[in-house]
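Readers should treat all values here as calculations from the given coordinates under stated rules, not as data from a laboratory. For clarity, every value in this text was computed on a predicted model and none was experimentally measured. In this analysis, Cβ positions are derived from the backbone assuming ideal geometry, glycine residues included, and neighbour counts consider all displayed protein chains.
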Amino acid sequence: MLARFYPIVPDAEWVERLVRVGVKLIQLRMKDVPAAAIPAAIARALAACRASGCELVVNDYWREAIDCGAGFVHLGQGDLDTADAAALRRAGIKLGISTHSHEELDRALREEPDYVALGPVYETKLKVMPWAPQGLQRVTGWKALVKRPLVAIGGITLERAPAVFAAGADSIAVVTDVIAHPDPERRTRDWLAAAATP
C-alpha cells in the first residue's frame, strides 16, 4: 500500500528535511549530479529514511540503487530502454514506472510494476512536457486499467488534491508545491494531514 502523499525531491538534504516532518514515502530524483556522487547521496537518503520509517524511491539510478540496498526504484520510459528489470526483481526491489499514453502504459504493465504513475495531470512548470495535461478523466480511466496502485503527478497542488484522489489516484506525487513553497515543512504537514483523510 503506497502512502497517499509522495514528495519528489532533488537531493539527500531534502530527504532529511521531509522525513523529519513525517513523510513515509519519498523519491530521490537527482539531475545533473556527478556520477561519482550518486552512491553517497543514495546512501545518505537511505539512512535518513530508515531512521524515520520512510520508504525511499530512487529515480533512474537502478544500478546504484541495487548496490546501495535500496528497496524501490522509479523508471521513466526512457530508462526502460537500458534498465534491467529482471535484475531489479532478483534484488527484491520494487518498481514504479511513468506513463503518459496508452502505448507507454502497455509497455509499463509488461514489466509488472508495483505502481504506475500518470502525468502530467495538470500543466506543470517543472519541465517542458511533450504531452498535454491528462486531466482527471484520464486518472479515472487509468485506474480502471492498471489493476495496481496509481500515482498521479504533474501540476498538483494541495488545493487540487481532493479532486485527484476522488478521480481514483491512490497516491499523489508532488514536486513544486512543496520544494518551491516558502515554508516546505509546513506545506508538507498540510499535505500529510490532507492525505490522511480519504
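By residue number, which cysteines of the chain lack any other Cys whose Cβ falls under 4.7 Å from their Cβ?
68
Using the number of other C-beta atoms within 10 angstrom as an exposure proxy, rank 74, 102 with the fewest first. Don't jump to the answer; show the numbers that get you there.
Numbers: 74 27, 102 11.
In increasing order of surrounding Cβ atoms, one gets 102, 74.
Between residue 107 and residue 32, what is the label-point separation in nm under the 7 Å Cα-to-beta-carbon projection?
Simple spin-label model gives 2.6 nm for this pair.
How high is the relative contact order of the chain, in percent, with contacts defined as C-alpha pairs under 8 Å that are six or more residues apart? Please list the in-between numbers first.
On the way: 352 pairs, mean separation 38.9, N = 198.
Answer for the chain is 20 percent.
Taking the chain as a Gaussian network, where each spring joins two C-alpha atoms under 10 Å apart, which residue of 179, 97, 26 fluctuates the most?
179
Which length gain, in nm to one decimal place, applies between residue 176 and residue 20 when the Cα-Cα distance is subtracted from 0.36 nm times their residue separation? Numbers along the way, then the final one.
Details: separation 156, 0.36 × 156 = 56.16 nm, distance 1.90 nm.
Result for the pair: 54.3 nm of gain on full extension.
If you only keep lysine pairs separated by 8 or more in sequence, or across chains, how many in region 5-195 come under 24 Å at the Cα atoms?
Working: 24/94; 24/143; 24/147; 31/94; 31/125; 31/127; 94/143; 94/147.
Within region 5-195, the lysine pair count is 8.
What distance in nm separates the simple spin-label points at residue 166 and residue 86, each placed 7 Å from Cα in the Cβ direction?
4.7 nm
Between residue 196 and residue 148, what is 0.36 nm times their sequence separation minus the Cα-Cα distance? Round to one decimal in nm. Intermediate results must be reported in sequence, preceding the final value.
Numbers: separation 48, 0.36 × 48 = 17.28 nm, distance 1.99 nm.
Answer, rounded to one decimal: 15.3 nm.
Below 14 angstrom from the Cβ of residue 185, what's the summed charge of the other residues (Lys, Arg +1; Asp, Glu -1)?
Its environment carries a net charge of 0.
From the gyration tensor of the Cα coordinates in the chain, what semi-axes in whole Å does the equivalent ellipsoid have, largest first, with each one equal to sqrt(5λ)?
Numbers: eigenvalues 108, 92, 45 Å².
In descending order, the three semi-axes are 23, 22, 15 Å.
Could you tell me the distance between the Cα centroids of region 127-192 and region 6-33, to the nearest Å?
Region 127-192 and region 6-33 have Cα centres separated by 16 Å.
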